[in-house]
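Please read the structure below before turning to the comments.
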Amino acid sequence: MGLTKLGWNAERDAQFAPYLAKGFVPARVAVEDKHFYRVWTAEAELSAQITGKSMHEARSDHSQLPKVGDWVAIKLVPNEEKAVIHAILPRTTQITRKTTGRNTAAQILAANIETVFLVTAADPSFNAARLERMLVMGHESGARPVVILNKIDLCDDLDAKLAEATAAAGDALVLPVCAITGRGMKKLAALIKPGDTVAFIGTSGVGKSSLINQLCGEELQATLEVREADAKGRHTTSWREMIFLPAGGVVIDTPGMREFHLWGVTEGAKETFPEIEALALRCHFTNCAHTKEKNCAVLAALADGTLPRERYDSFIKIQSEGSYLREAKKRAHWQNPRKGDRIAHRVFNKGG
């Protein structure tokens, strides 16, 4: 498998030049299972581990560890299908969330992707506020977010559900599909170009694995039935893995997430709520928080009904969460720069 099929390009070539001079081989991380990895080179798939030095340096910052989608410099182990990862090339994009544990503050779900597919279901589990949080995460990644409204065969009023998803998506594309019947799958496949890397994220039971199986043309990902009582699914993916598509392109599947804990809320919120960003330009104060200030265009739109209450509430909640986390990180880094991220996580959880 050529490196270009995995997403290698001229920029990567230039970045890797110093490592090539030292005898390293370029590879891409395909599977992450704790501190053990599967990597793809131009010629083989290998088991890999990181060096002890890298493990030590990453103790206070787990983002320094290889993640699925990373391009890495490896040394081959002679006469074995094994390798040692010595360095990670700079990431162009990365999907990051705040972890639920207490040892780390941020978790990178996937790296170096062009498009992130935010999968939700057109069934009773659909939640506009959750979709908005997914969109903030998608925009913050630096990749192009696309909303996939799956399971449209289970929707009695598709036009209404599509309108609801479109209202929550801001300027992002919304694509209705059905992984079971194949409806909309050609349009989805057309969004994945040869050499592109895409990721699927969403809660358990929305059909990510079924969508990937359709794209692959075979049953690669295990699927489980959704409970009829509450339309909730069960986890079928236990780790992040990279899958090569027959038509070209690479897919990264991620475990279903119960909650979307945001790690960054800057440009992502502006792009998720473009109508509020446009209104904010007309506010009297440039630093208007849109909560109680006078001559606030956002509050005026809320009062006259042109801005839906649900959109406003979701925007304010996300902005407040982002502000609190930023302040917590500042305080933590001031107290101890090396352990700042972990302290920020504890402060945030205690306050939130």
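If you filter the range 242-262 down to residues that are modelled with pLDDT of 80 or more and in a strand (DSSP E or B), you find that the one that is surrounded by the fewest Cβ atoms within 10 Å (Cβ to Cβ) is Phe244. Candidates are the residues of the range 167-181 that are open to solvent by 30 Å² or more (accessible area, probe 1.4 Å) and at pLDDT below 95; the one that is nearest to Ala128 (Cα to Cα) is Ala167.
Quick check on Ile85: is it open to solvent by less than 30 Å² (accessible area, probe 1.4 Å), more than 23 Å from Phe244 (Cβ to Cβ) and at pLDDT 90 or above? In short, no. Residue count for the range 125-169 satisfying the condition of being free of Cβ contacts under 8 Å to residues at least 12 places away in the same chain and small (Gly, Ala, Ser): 2. Scoring Leu281 on the criteria (1) more than 21 Å from Arg144 (Cβ to Cβ); (2) at pLDDT 80 or above; (3) touching a helix residue (DSSP H, G or I) at 6+ places or on another chain (Cβ under 6 Å) leaves a single failure, condition (3).
Yes/no per residue for (1) open to solvent by less than 40 Å² (accessible area, probe 1.4 Å); (2) within 11 Å of the chain's Cα centre (by Cα):
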| site | (1), (2) |
| --- | --- |
| Ile74 | yes, no |
| Glu80 | no, no |
| Ile95 | yes, yes |
| Ala106 | yes, no |
| His139 | yes, yes |
| Arg144 | no, yes |
| Asp153 | no, no |
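Condition first: open to solvent by 50 Å² or more (accessible area, probe 1.4 Å), among the aromatic types (Phe, Trp, Tyr) and part of a strand (DSSP E or B). Now tell me which residues in the range 8-65 satisfy that. Across the range 8-65, the qualifying residue is only Phe36.
Residues that are farther than 22 Å from Ala14 by Cα and among the basic types (Lys, Arg) within the range 46-89 comprise Lys53, Arg59, Lys82, listed in sequence order. Determine whether Val116 is in a helix (DSSP H, G or I), touching a residue at least 40 places away in the same chain (Cβ under 8 Å) and closer than 26 Å to Gln64 by Cβ. Criteria not met by Val116.
The values are calculated or read from the model by the stated rules, or taken from the named source; none is laboratory data. On a predicted model such as this, the values are computed, not experimentally measured, just so you know. Positions of Cβ are generated from backbone atoms using ideal geometry, with glycine treated the same way; all protein chains shown enter the neighbour counts. Surface accessibility is based on the protein's heavy atoms, side chains included, excluding ligands, DNA and RNA. Shrake-Rupley method; radii C 1.70, N 1.55, O 1.52, S 1.80 Å.
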